[in-house]
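Down below is the structure, laid out as structure tokens.
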Amino acid sequence: MFLAIKEMKHEKLRYGLMIGMIFLVSYLVFILTGLSNGLSNLNRAAVDSWQAQSIVLNKDAQINLPQSVISNRDRQVLKNKGAQISLLSGLVQNQAGKKDSAQIVGIKTNQFIFKRLKVTSGTKELHSKQAIVASAFKTDGFKLGDTLKIANTQVKVKIVGFTNNATLNMVPVVYTTPKTVNLAKYDGQQTTTLVNGVAFASKKPTLGTLKDSKLYSAEQYINKMPGNRAQTLTFNFMIGFLMVIILIVIAIFLYILTMQKLPNFGVLKAQGLPTSYLVKNTLLQAALLAVSGVLIALGLVLITAAILPAIVPIKIQITMILLSGLAIIGMAMLGALIPVREIIKLDPYQIIGG
Amino acid sequence: MANLELQDVKKVYGTGSSQYEALTQINFKANQGETILIVGPSGSGKTTFLTIAAGLQTPSAGTVKIDDKVLGTMSVKQQSQLRLHKIGFVLQAYNLVPYLTVQEQFTLVDKVKTANLTASKFNEMLAILGLTPLLDKYPNQLSGGQQQRVAIARALYGDPSFILADEPTASLDTERAIAVMQLFSQLAHLAHKAVIVVTHDTRLEDYADHVYELVDGVMHRLK
Ligand SMILES: Nc1ncnc2c1ncn2[C@@H]1O[C@H](COP(=O)(O)OP(=O)(O)OP(=O)(O)O)[C@@H](O)[C@H]1O
Ligand SMILES: [Mg+2]
């Protein structure tokens, strides 16, 4: 579209500023999307890495794994189905005395959670008093072969491997055997291993008749994670609000620009140029502005994500970013409809008089 | 045969006590091959007359016909198509598009219309109008008279049957003004256009086939 492009080339500063503005807001939206994604990921990364589709929890536990205990009766019904999870939240301390919060997760090596675990360094084996731990611990200097003391207990585990994406409720995970978890929990006083929940790889596994427990979907479980919902809502609200701001700002800017150009459009209309041609040019201009702004923001977000320290929980999911990018472009087009109305209404005689 | 006709045309601006009759009972006809000059003082209704003739305004009464088709019965879109294909309008305020070069002011219509003048024919006109060295300039780099000539050339580029010009020589020196009028009369005689020029510039009378006078909205034939 000749007119639109000609004008943008001639008025570089004006349109550059507009692109800059769209870029800034898009960048903010993308960063927020990434942060929202990243934070929610800290909650759920471990569950996602198991690719669990459903989980059996005590029905009185309000879908909360740490609060859930599977009754002996239901454990008999479930037997070896799914993957049992024994959980202990606490602190671990390495030889150097460095302490870290950890979710100590007991899993059986013959069940699917262990089988799906991807070990990035060390060996994929898990015997009593051994642990495969979240890579996040590396930033605190934890190494293969380190012995970790579980705080307030006599139990020590040895790091035999590291694994990525292992955070549960924002806290990095230490995978070990259920027996080790039990030992830490009860100091050897209790012999039956306590099971907090049983995860399943399918949505509707065949279970026996459960009495004290219930099957929940993985999504149900994740949504009930403490703070998860409030956090997601907050971010969605901010992002939605920014979208509305984009809509208004673009509408205002395009409106002002178009009002300034009305005399030109009036002359072109007087010459007989079809209104549709002028409208198409205006829409194309809005699209060009929005697409350029969004693309620049996209590039910069990728760079930002690459150089930000790992501790900042930004997770760029390209489909999410593309979706919000499209939404921004959609908003820009919506904002362009107001100036388009002015062009359609424009009576050339009003402009050319004299 | 191409013609433009106004029958009993009246134009009243405003309503109630602020009513002002800018044109009274105009009967007028322009045929192809003729150059018609309409002279009149400022405020006499020249622009009103010309914009009504081009379909940019509707008359309060009476009819405007172009090639025997009544403008009042056409849709806005049809009228716009008619202007695009048949009418070359030179505006009193030349209103060039600020971000297009002189060359692009002309060729813009290529985007929506074919059958514009061939390059060789148009270049001849550009030479007559003294625009050849200015083609790559933007309007803000031109003098008022240069802009006016660009506006004239822009009206001619689409090879219209009717050329309606509002004070086309207001910013031109006598020599240029006469060159423009000679170009118009050539276009009428050789290319069979109908040319209507409104002006307060009496220098131009010698170059027209017919001359009318417009005073306070009333039209008389002088020649
Ligand atoms: N939109 C309008 N509303 C009210 N009055 C108008 C309007 N346009 C023109 N007029 C009046 O109509 C009369 C004729 O105006 P017009 O513009 O046709 O004059 P003109 O002959 O072209 O003058 P000039 O030589 O100064 O350009 C003027 O008195 C003017 O004030
Ligand atoms: Mg006038």
| Single condition B:GLN92 does not satisfy, out of (1) part of a helix (DSSP H, G or I); (2) crowded, with 19+ Cβ neighbours inside 10 Å | (1)
| query | Can you tell which of A:ILE328, A:ILE318, A:ILE344 is within 29 Å of the chain's Cα centre (by Cα) and touching a residue at least 12 places away in the same chain (Cβ under 8 Å)? | reply | A:ILE328
| remark: Of the residues in the range B:133-155, those that are farther than 15 Å from B:PHE184 by Cα and surrounded by 13 or more Cβ atoms within 10 Å (Cβ to Cβ) number 9
| field | Qualifying residue in the range A:245-258 (condition: within 13 Å of chain B (Cβ to nearest Cβ) and part of a helix (DSSP H, G or I)) | value | yes
| query | Among the residues of the range B:1-58, which ones are of a type in the set (A, V, I, L, M) and within 16 Å of ligand 2 (Cβ to nearest atom)? | reply | B:ALA22, B:LEU23, B:ILE26, B:LEU37, B:ILE38, B:VAL39, B:LEU50, B:ILE52, B:ALA53, B:ALA54, B:LEU56
| request: Select, from A:LEU39, A:LEU3, A:LEU24, A:LEU35, the only residue that is modelled with pLDDT of 90 or more and either among the aliphatic types (A, V, I, L, M) or surrounded by fewer than 18 Cβ atoms within 10 Å (Cβ to Cβ) (or both). | output: A:LEU24
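Residue-wise test of (1) at pLDDT 90 or above; (2) within 16 Å of ligand 2 (Cβ to nearest atom).
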residue: B:THR118; (1), (2): no, no
residue: B:ILE128; (1), (2): no, no
residue: B:PRO133; (1), (2): yes, no
residue: B:SER143; (1), (2): yes, no
residue: B:ARG149; (1), (2): yes, no
residue: B:LEU164; (1), (2): yes, yes
residue: B:ALA170; (1), (2): no, yes
residue: B:GLN182; (1), (2): yes, no
| said: List pairs: first residue in the range A:118-133 and on the phi > 0 side of the Ramachandran plot, second residue among the small types (Gly, Ala, Ser) and crowded, with 18+ Cβ neighbours inside 10 Å anywhere in the structure, Cβ distance under 9 angstrom, at least six positions apart or on different chains. | reply: A:GLY122/A:GLY161
| query | Of all residues in the range B:194-206 being away from ligand 1 (no atom under 16 Å from the Cβ) and modelled with pLDDT under 90, which is nearest to the other protein chains (Cβ to nearest Cβ)? | reply | B:GLU205
| field | Boolean, A:LYS261 is at pLDDT 85 or above, of a type in the set (D, E, K, R) and closer than 30 Å to B:ALA155 by Cα | value | yes
| Breaking point among (1) in a helix (DSSP H, G or I); (2) under 15 Å from the mean Cα position of the chain (by Cα), for B:GLU175 | (2)
| said: Just to confirm my filter: which strands (runs of 3 or more DSSP E) fall fully inside the range B:1-86 and include at least 1 residues that are in contact with a helix residue (DSSP H, G or I) (Cβ under 7 Å, 6 or more places away or on another chain), within 9 Å of ligand 1 (Cβ to nearest atom) and within 14 Å of chain A (Cβ to nearest Cβ)? | reply: B:3-13, B:20-31
| query | Regarding B:LEU82, is this residue of a type outside the set (Phe, Trp, Tyr) and out of contact with any strand residue (DSSP E or B) (no Cβ under 8 Å at 6 or more places or on another chain)? | reply | no
| said: Considering only residues that are at pLDDT below 90 and either under 25 Å from A:ILE248 (Cα atoms) or not in a helix (DSSP H, G or I) (or both), which ones fall in the range A:287-318? | reply: A:LEU308, A:PRO309, A:ALA310, A:ILE311, A:VAL312, A:PRO313, A:ILE314, A:LYS315, A:ILE316, A:GLN317
| note | Restricting attention to the range A:325-354, the residues that are within 16 Å of ligand 2 (Cβ to nearest atom) and not in a loop (DSSP other than H, G, I, E, B) number exactly 5
| request: Can you tell me which residue within the range B:111-120, out of those that are surrounded by 14 or more Cβ atoms within 10 Å (Cβ to Cβ) and more than 7 Å from chain A (Cβ to nearest Cβ), is farthest from B:LEU134 (Cα to Cα)? | output: B:LYS113
| said: Condition first: surrounded by 17 or more Cβ atoms within 10 Å (Cβ to Cβ), within 10 Å of another protein chain (Cβ to nearest Cβ) and charged (D, E, K, R). Can you find one or more residues in the range A:269-281 that meet it? | reply: yes
| field | Selection count, the range A:33-65, where residues are assigned to a loop (DSSP other than H, G, I, E, B) and within 15 Å of A:ALA166 (Cβ to Cβ) | value | 2
| task | Please enumerate the residues belonging to the range B:87-100 that are β-branched (Val, Ile, Thr) and at the interface with another protein chain (Cβ under 9 Å from one of its Cβ atoms). | result | B:ILE87, B:VAL97
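The values are calculated or read from the model by the stated rules, or taken from the named source; none is laboratory data. For clarity, every value in this text was computed on a predicted model and none was experimentally measured. All Cβ positions, glycine included, derive from the backbone under ideal geometry; neighbour counts span all protein chains shown.
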